[in-house]
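Report on the structure given below.
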Amino acid sequence: MRTSRFPLSLVVLLSALSCAPPPKAATSESPAPAISPRKPLSILNIAGINLSHLSKRIEKTDIEKFTRVLAREQVEILAIQGITRYPGIATRIDLVNELSRLAEMRSAFGETINVSGRQNGNGIFSMYPIRSQNNTPYSGLKSAGFESALLAVVDAGVKDIAVVSTLLPEKTSPEDLSACVRSIAAMEKEYSNLPFVVVGNLPSLSNLQFERGFREIDSPPANAGAKRSSNVWYGGGDLLQPMNTSIIETGLGQLVVARFGLFTKQPQ
């Protein structure tokens, strides 16, 4: 009988190789890319202050100090409520004109009432061009006041933004408050393609019992014994995102500064 010429170890090796699974085919698939966080087109600092309870006469030095605060906080859009003006009276400083000049900001003013040369209203100041402005009185209220909402469309560089400065009637009925908010909501609907910010003596949204489409910034609490100057609501869907908020004490009251990110609209 003829014996095999192959060594036993080689036979075992060949047998093992013949039973091994075929090698996997190479794939062209690359690993899934990491999802990057959404980046804003730009950052915008929007501030608000309510002067309706200010008991002092505003002098030029007050505006100069306030302007320095705006520069330090890098405020780009400012909404002021409760402005009092005395057009034609040379001994009284005009807050709108003087602040615009010192801060080098454009301005819009919405009058609420004019009695014997004393003019009350709301203002919006901007480092950017103001494309348009519209002052809307609240109608059908039982309140004895003459409150209104000033809306300005601001060219913020990468995107326009709609800003409202408003003073709501104080100690009013839920019906009147609801009517005011519905009026503001109608403005937001009209400018639904833009980021939308409302600044004023606004109530917390958690206290409202009717339908609304706004969100409010998460601002730090006011100092003990101090009345909150302004609250800030925002709309416009995913076009706007608050980043941080601070409250600054000034000689004119508390200044609320909200830092927002401006975004493009996300695809549906």
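Which one is modelled with the lowest pLDDT among residues in the stretch 144-176 that are in contact with a Cys (Cβ under 9 Å, 6 or more places away or on another chain) and of a type in the set (Ser, Thr, Tyr)?
Initially, the stretch 144-176 is screened for residues in contact with a Cys (Cβ under 9 Å, 6 or more places away or on another chain), giving 147, 149, 166, 168-169, 172.
Right, trim to of a type in the set (Ser, Thr, Tyr) and you get 166, 172.
Working: Thr166: 96, Thr172: 81.
Among those that are in contact with a Cys (Cβ under 9 Å, 6 or more places away or on another chain) and of a type in the set (Ser, Thr, Tyr), it is Thr172.
Going by what's in this entry, would Lys171 be described as without any contact (Cβ under 8 Å) to a residue 12 or more places away in the chain, surrounded by fewer than 19 Cβ atoms within 10 Å (Cβ to Cβ), not hydrophobic (A, V, I, L, M, F, W, C) and not in a strand (DSSP E or B)?
It is true that Lys171 is without any contact (Cβ under 8 Å) to a residue 12 or more places away in the chain, surrounded by fewer than 19 Cβ atoms within 10 Å (Cβ to Cβ), not hydrophobic (A, V, I, L, M, F, W, C) and not in a strand (DSSP E or B).
With respect to Leu141, is the statement that it is in contact with a strand residue (DSSP E or B) (Cβ under 8 Å, 6 or more places away or on another chain) and within 28 Å of Leu177 (Cβ to Cβ) true?
no
Being touching a residue at least 24 places away in the same chain (Cβ under 8 Å) and polar (S, T, N, Q) is the filter here, so list the residues in the stretch 103-129 that pass it.
Within the stretch 103-129, Thr112, Gln119, Asn120, Asn122, Ser126 meet the criteria.
Taking Ser132, is it touching a residue at least 12 places away in the same chain (Cβ under 8 Å), assigned to a strand (DSSP E or B) and among the hydroxyl-bearing types (Ser, Thr, Tyr)?
For Ser132, the condition - touching a residue at least 12 places away in the same chain (Cβ under 8 Å), assigned to a strand (DSSP E or B) and among the hydroxyl-bearing types (Ser, Thr, Tyr) - is met.
Can you name the residue in the stretch 154-168 that is in contact (Cβ under 8 Å) with a residue 40 or more places away in the chain and assigned to a loop (DSSP other than H, G, I, E, B) and is also farthest from Leu54 (Cα to Cα) among such residues?
Here the residue is Val158.
Considering only the stretch 90-116, state which residues are closer than 20 Å to Ser52 by Cα and of a type in the set (A, V, I, L, M, F, W, C).
Looking only at the stretch 90-116, we keep the residues that are closer than 20 Å to Ser52 by Cα, and these are 92-100, 107-116.
Matches in the stretch 90-116: Ile93, Leu95, Val96, Leu99, Ala108, Phe109, Ile113, Val115.
Check Leu151, Leu141, Leu99 and return the single one that is of a type outside the set (Gly, Ala, Ser) and part of a strand (DSSP E or B).
Values: Leu141 fails: part of a strand (DSSP E or B); Leu99 fails: part of a strand (DSSP E or B).
Unique residue meeting the criteria: Leu151.
Select from the stretch 105-149 the residues that are of a type in the set (D, E, K, R) and touching a Ser or Thr at 6+ places or on another chain (Cβ under 9 Å) and write down the one among them that is farthest from Thr91 (Cα to Cα).
Per the stated criteria, the residue is Lys142.
So which of Gly157, Gly117 is of a type outside the set (A, V, I, L, M, F, W, C) and over 24 Å from the mean Cα position of the chain (by Cα)?
Result: Gly117 is the single residue among Gly157, Gly117 that is of a type outside the set (A, V, I, L, M, F, W, C) and over 24 Å from the mean Cα position of the chain (by Cα).
I'm trying to understand the selection: among the residues of the stretch 177-206, which are at pLDDT 90 or above and touching a helix residue (DSSP H, G or I) at 6+ places or on another chain (Cβ under 8 Å)?
Once the filter is applied, which keeps residues that are at pLDDT 90 or above and touching a helix residue (DSSP H, G or I) at 6+ places or on another chain (Cβ under 8 Å), the stretch 177-206 yields Leu194, Pro195, Phe196, Val198.
I want to confirm something. Restricting to the stretch 82-124 and keeping residues that are of a type in the set (D, E, K, R) and farther than 17 Å from Ile58 by Cβ, which single residue is surrounded by the fewest Cβ atoms within 10 Å (Cβ to Cβ)?
My answer is Glu104.
So, in the stretch 92-113, how many residues would count as being at positive phi and aromatic (Phe, Trp, Tyr)?
0
Any chance you could count how many residues in the stretch 64-81 are within 25 Å of Leu202 (Cβ to Cβ) and either crowded, with 21+ Cβ neighbours inside 10 Å or of a type outside the set (A, V, I, L, M) (or both)? Give the steps one after another, and end with the answer.
So the first thing to find is which residues in the stretch 64-81 are within 25 Å of Leu202 (Cβ to Cβ), and the list is 66, 69-70, 73-81.
Of the ones still in play, those that are also either crowded, with 21+ Cβ neighbours inside 10 Å or of a type outside the set (A, V, I, L, M) (or both) are 66, 70, 73-81.
Qualifying residue count for the region: 11.
Please identify the pairs in which a residue from the stretch 72-87 that is at negative phi has its Cβ atom under 6 Å from the Cβ atom of a residue that is of a type in the set (A, V, I, L, M, F, W, C) and part of a loop (DSSP other than H, G, I, E, B), counting only partners at least 6 apart or on another chain.
Going by the 6 Å Cβ cut-off, the qualifying pairs are Glu76/Met127; Gln81/Leu167.
Working carefully through the options Ile63, Ile35, Ile89, find the one that is at pLDDT below 90, within 27 Å of the chain's Cα centre (by Cα) and either farther than 21 Å from Val164 by Cα or among the hydroxyl-bearing types (Ser, Thr, Tyr) (or both).
Of Ile63, Ile35, Ile89, the one residue that is at pLDDT below 90, within 27 Å of the chain's Cα centre (by Cα) and either farther than 21 Å from Val164 by Cα or among the hydroxyl-bearing types (Ser, Thr, Tyr) (or both) is Ile35.
The values are calculated or read from the model by the stated rules, or taken from the named source; none is laboratory data. Source: prediction; values computed, not measured. Glycine gets a Cβ as well: all are built from the backbone with ideal geometry, and neighbour counts include every protein chain shown.
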